Structure formats: C-alpha cells, structure tokens
Amino acid sequence: MSITVTHAPDDTLAFAAAELQSYLGRMLPAGAAPAFALAVRAPQVGENDAFRVDVSPAGGVIEGNCPRAVLLGVYDLLHSLGCRFWAPGRDKELVPAIGLEDLSARIRRTASYRHRGVCIEGADSRENILAFIDWLPKLGFNSFFLQFKNPYPFLARWRRHEHNPLLPPEPITVADGAAVMAEAQGEMARRGLALHKVGHGWTGQALGYEALGWSPDAAPLAEELRPLAAELDGVRGLYHGVPAETNLCLSNPQARERLISLVTDYARQAPEVDYLHFWMADYYNNVCECPACRRTTLSDQYVSLLNEIDRRLTEAGLDTRIVFLLYQELLWPPVRERLIHPDRFVMMFAPISRTFQRSYDPDAAGTIPPYRRNRITLPGSLEENLAFLRRWQEIFDGDSFLYDYPLGRAHYGDLGYVHIARIIHRDIRRLRRLGLNGYVSCQELRAGSPNFLPNYVMGRTLLDADADFDALTREYFSAAYGPRADRAREFLEALSACQLCDYVNGSGPRTDPSVAAAADRAQALCQTFLSENDPAPDGSGAWGALLHHARYAALLARALGLLARGRTEEANGAWGEMAAFIRAEEMAYQPWLDVYRVQDVTTVYTGFQP
Ligand SMILES: [Zn+2]
C-alpha cells in the first residue's frame, strides 16, 4: 500500500495516513497494494469540515478542507467499509476483513454542524481521557473541552477513588494534572481537534484562589480582596467556602480589572486554545446586592466585561474565540449592553435544568419571567428554556452552539440508553431550526453502561443530521453484540420504555406511584434477562458489560422503586447494596461505568441518603 500526501508536512495528515495504513493493512488481503493520495483544499468562507472520498481497488483520493477533515474522511471511509468504532479504546472496535474488490467508496460530506464536541466531567483516569480523544474523530466529532485550566479535578476524583472505599486512594498533584493535560492536548493536536478550555473558576482566581474544581478552599479570603466578592445579605465573602461558586462585585473596578487581566493573560500564554470559555460563578442566586450592582444586571456587567476582553485581545493581536454562556442568571439577556464585535464570540446555550423526557420543539412558544435578583428559579420546560435563547438571539446573531447534558446526570435514569440516544438524535437534528451551529455534550467520559450507543449516535448525527436513528442503532448493536444483537436490543428497548431520567435528575415529586411502577418493571426485566442468559461474561466485551449492567440496573431499579414509594429507609439500604456491588466490580468494568458519578448523582439529585 502506498500513501502520498499532496500538502505541506502536517502532523494531522501524517496521522491520517498512518491510520489509513494501519486499518486497511488489517482489513485487506496480504499483498494488496492500492495507492492513496491525501489532499487538502482551501476551505470556503464559513464552511464546516468537508471531505470527499473517491476510492476503488486501485486506491484513490481523500480530500478535505483542512487536515482534520482528511482524518474524518479516512474514518468515514473505514466506516463505509464496515469498521465500527463502538466504544472508546482500540480493543473495542470491529475491523472486518475485506477483499480487494470490496475496496470501493464515493463519499461527499460536509459536516451538518460546525461545533461537534464533548466536555470532560466525572471521574477519569489518564487512559479514559486519551481513549476518548482517540475515539472522537472516529465518530465525526471535531472538538474536546478540557474544563478548568487543568483537568485535575476529574483526574483527582479517580485517583483518590472518591465514593469507592474498596480501592486505595493514590496521591495526585496539580502538576500531575498538568502533565496529563499536556499529553491530552498533544493527542488532540495530532488529530486536529479544536481545543476548548476553562469555563468556571475565573471568579475564584480573581479572589486569589486556584479554583480548580468545585471543592471548598480552607484558605481564608485575603482581607484586601474581600471588597471584590459579591455582597449577600450585607456580607462579602466566599460562597459556601467554594471559590468557583463565588460571584464578584462587578461594580468594583479592581474586580473587573482582575478578571479581564486573568482572561487576557491566559489567552496570551495559551495561543493553542481555540475556544476560551469565560463564565461567571457556578452557582445562582448569589450575585452581588450592593447598591451599584443593583442598578444593573449580571448580564449587562458580563457583556461589558466581554467587550473589554475583546478590545484587549485585539490590541494584543490574538484571534482566540471567547465563548460566553447562557446559564442561570445569564439566561436573561442584558438590558443595555451589547457585544460590539460579535465575530470574537461564540454564544453557548446551556439549559442545564431542561427535561430529558422529550426533545426540543423549535416551534414551541414560551415566555421568560421577569428577572428578580437572587430569587430566580431555573426553567424546567423546554419552551421556557428556548424562550431565553430566542431573546438572546434577538441581540446576538453570531456563532453559537448548544451545551447539553443528556450524559451528565439524566442518563442514569435511562437504564436502557436507547431513550436518551433517541433524545440526543432528535435534539441534534433540530439544532438548525433552533438557530444553533453545533453541540457540545457536558458528560461523564465513562458513559458506557449498558453501552456507548448515545455517544455513537451523537457523533454520527452531528456529522450528518440526516443519519437515521434506527440504522445507527442497528449497526451499533450488530457491531457490539454480534449474533446476540437482537436479544440485547429487545432488552434495552424494553428497559428504556421504563426510563426515569427526570426523576433521577431530581425533578418532580420524590414519591410517585408511576415512577415506582416503572422501576418495578425495569427490575423485573433485568431479572428475567439475567435468568435467561448465561452469566459467563465474554471477558470485558460488550456482552459481559451488558450482563454486569443488568445486575447493577436491577439493584438501582429496586432502590428507585422503594424511594418512589416513600419507603426511604429501605430505599437507602437498597441503594447501599447497589453501591457495594458496583464498587466491588469497578476495576473489571472501569471504562463502562463511572462509579463515582452514579453515586454522586443519585445522592445529590435523586435523593438517596445512605
Ligand atoms: Zn456589587
């Protein structure tokens, strides 16, 4: 096999060539010698990732409008030849043997959306992060978001084995986090993936803290910085002791200046960052109540900061894109302030309190309530969430994407994962009509119990919004479960019919007979499945993971049924049995289930109190 690259030397093209060589080398008969050319053409203005593939048994051309698009073209060719990347990790792929005569493809594709990414959450090992980055472009994604300045909080949860006392905690430092970050960014650069960074933490840093993660900081607030903190009930200080959740007094010129300098200095020192997220505190109803701040709104103060950051970045000759956030108080659009140079910014709509029972309806009409300082409630309905977006769209028509949470909390309520995958598919298909140019999923990376169908559907549908859900699901199950695909799908579709996404997410009454009945049905389905199938797992393959999932799901469903009946003491005991089971099995199924996060969500949001 020969591969020529008709372009200046480039790491991503070299990687694309190596991938093509490696996969086709395994697929084709020995001695096959097709000749390929990888080419890059100039992109049109505003064009999304685009590629064409023209391949025959003699070889052919894969041409993209950037090196990353060539890599996406290579993976799309492999997909069309039968490769299935059904989970993160190179041991979880289907790579079929084909004849030379089968080497044939003609693909023309322009990605349906510009922004196609995932944001790190949960408890993650270095290997989880690297495997996920490797997986992303195979599904058609083009971005990854390493939250904070350093993904230390996510690595630390894993290394310390939070919520799993059966595993010995290992030490980790912020420098260890930085080392993994450097490695992860290197792997992203090889694949040409767009790099998103930071988000929360700026307000805590302005108060002199590192603000890596959501933990309280024992260090007292420096007295000279106390006037910079938001005033609440007449008092200024850290909110709940957590720097990343503390807002600032943005009428204070020193607070403004510190924030602006932090962001502009960071952008100057990290030119590799494509999208720098500038967000306020990760909490709501704790904005400053001083007389000066009361005369305006948080959104007006925020937009004024964004304009000043833009001015200084322009002065410094930096084209870093700044991502601003519609979330909590910032869902209300500013009254007076407007962004002066929209091209600098990307608007990120983050409806964290939405329901996952249903998908967005672009035609639904809703209204937004008046803004009341420190007395807001987060919108639950899709209509109200979209009404906030519409109001912002009236004053900002620049680049934007949806930042959504199907795999952040709600997925633990869908034990079959087919429901949540279907919601993801419908939401993504409707993005265009919502006026949004993409999707970044804020999620656990270990969102694979029972399987990785939701992320598979997400990536493929972001690349091609016309992708058919049933076809994607069929090819997924076939790749993951082989001859047992139908049995697995029947079981998981039935489990998904009992989904309790909103209940697990803490929405709705805690005592609810219909929830209890659905949980009972889910538990019975799992028990039947386990009784009808050989418990001998196929190693850590998809079928073995599915059997493990059925055991965990039966225990969780039992606990949910008791909780929804108001039998809280028994429910907490049943939750403990579930926790004991997944903790004991964690190392055997580490990439599949985030044992930290499912315990975190079901206690903080669902309401179990072990
Ligand atoms: Zn103030």
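The tail of the calculated P(r) for segment 482-606 beyond 17 Å holds 57 percent of all Cα-Cα pairs.
Express as a percent, rounded to the nearest 5, the fraction of DSSP beta bridges in segment 2-110 (both residues included) that run antiparallel. Can you show the working numbers first?
Numbers: 13 of 24 bridges.
DSSP beta bridges in segment 2-110 are roughly 55 percent antiparallel.
Distance between the 7 Å Cα→Cβ label points at residue 37 and residue 465: 3.4 nm.
Which shape class, rounded, prolate or oblate, goes with segment 65-109 when its Cα gyration tensor gives a ≥ b ≥ c as root eigenvalues, a/c under 1.5 marks rounded, and past that a/b bigger than b/c marks prolate? Cα axes put segment 65-109 in the oblate bin.
Set the Förster radius R0 to 41 Å, insert the Cβ-Cβ distance between residue 514 and residue 269 as r into 1/(1 + (r/R0)^6), and round the FRET efficiency to 0.05.
Details: r = 54 Å, r/R0 = 1.31.
Efficiency, rounded to the nearest 0.05: 0.15.
Computed over neighbours whose Cβ is under 12 Å from that of residue 244, the net charge equals -3, Lys and Arg +1, Asp and Glu -1. For segment 164-235, the list of trypsin sites (Lys or Arg not before Pro) that fall in a loop by DSSP and count at most 14 other C-beta atoms within 10 angstrom is empty. Computed from the Cβ-Cβ distance with R0 of 51 Å, the FRET efficiency linking residue 108 to residue 218 stands at 0.30. With only Cα atoms counted, the chain has Rg and Dmax values of 24.5, 79 Å.
Antiparallel beta bridges, as assigned by DSSP with both residues in the chain, represent about 30 percent of the total such bridges. A cut-off under 11 angstrom between Cβ atoms defines the neighbours of residue 505, and their net charge, with Lys, Arg +1 and Asp, Glu -1, is 0.
Just the C-alpha atoms of segment 353-392: what Rg/Rh do they give, with Rh taken as the Kirkwood radius? Could the numbers behind the result be given before it?
On the way: Rg = 10.6 Å, Rh = 10.8 Å.
Answer for segment 353-392: 0.98.
Pairs of Cα atoms nearer than 8 Å and 6+ residues apart set the relative contact order; for the chain it is 12 percent. Distance between Cα centroids, segment 448-467 to segment 475-551: provide it in whole Å. Cα centres, segment 448-467 to segment 475-551: 18 Å. Maximal additional length on extending the residue 314-residue 603 stretch stands at 99.4 nm, based on 0.36 nm per residue less the C-alpha distance. Stretched out straight at 0.36 nm per residue, the stretch from residue 390 to residue 374 would grow longer than its current Cα-Cα span by 3.5 nm. Neighbour counting of Cβ atoms within 10 Å sorts the residues 344, 597, 295, fewest neighbours leading, into 295, 344, 597. Relative to one another, the C-alpha centroids of segment 301-344 and segment 378-430 are positioned 23 Å apart.
I need the peptides 420-427, 382-389 ranked by packing, meaning the mean over residues of other C-beta atoms within 10 angstrom, with the highest value on top. Kindly include the intermediate steps, with their values, before the conclusion.
Details: 420-427: 23.4, 382-389: 20.6.
Result, highest mean first: 420-427, 382-389.
Computed over segment 193-404, the Cα gyration tensor eigenvalues convert (square root of 5λ each) into semi-axes of 26, 22, 16 Å, ordered from largest to smallest. Relative intensity of segment 245-365 on a log10 scale, I(q)/I(0) at q = 0.13, 0.18 Å⁻¹, equals -0.57, -1.01, per a Debye sum over C-alpha point scatterers of equal strength in the absence of solvent.
Which helices count as membrane-span-like in the chain under these terms: full DSSP H, at least 27 Å along the axis by C-alpha, Kyte-Doolittle mean of 0.0 or more? Before the final figure, lay out each step's value.
Working: long enough: 513-532 (29 Å, 0.27); 542-564 (31 Å, 0.98).
The answer, listed by residue number, is 513-532, 542-564.
By DSSP, the beta bridges lying fully in segment 193-404 are antiparallel in about 15 percent of cases. In percent, rounded to a whole number, the relative contact order of segment 2-110 is 30, using alpha-carbon pairs under 8 Å and six or more apart.
In terms of its alpha-carbon gyration tensor, segment 2-110 comes out prolate; a/c meets the 1.5 threshold, and the first ratio a/b outweighs b/c. Shape verdict for segment 179-218, please, from the Cα gyration tensor: rounded (a/c under 1.5), prolate (a/b greater than b/c) or oblate. Prolate. A cut-off under 9 angstrom between Cβ atoms defines the neighbours of residue 299, and their net charge, with Lys, Arg +1 and Asp, Glu -1, is -3.
The charge dipole of the chain, taken about its Cα centre with unit charges on the Cβ of Lys, Arg, Asp and Glu (plus for the first two, minus for the last two), comes to roughly 780 debye.
Any read-out appearing in this document is the output of simple, stated calculations on the displayed coordinates, not a laboratory observation. As the structure is a computational prediction, the values presented were derived from the model and not from experiment. Cβ: placed from backbone, ideal geometry, glycine included. Neighbour counts: every protein chain shown.
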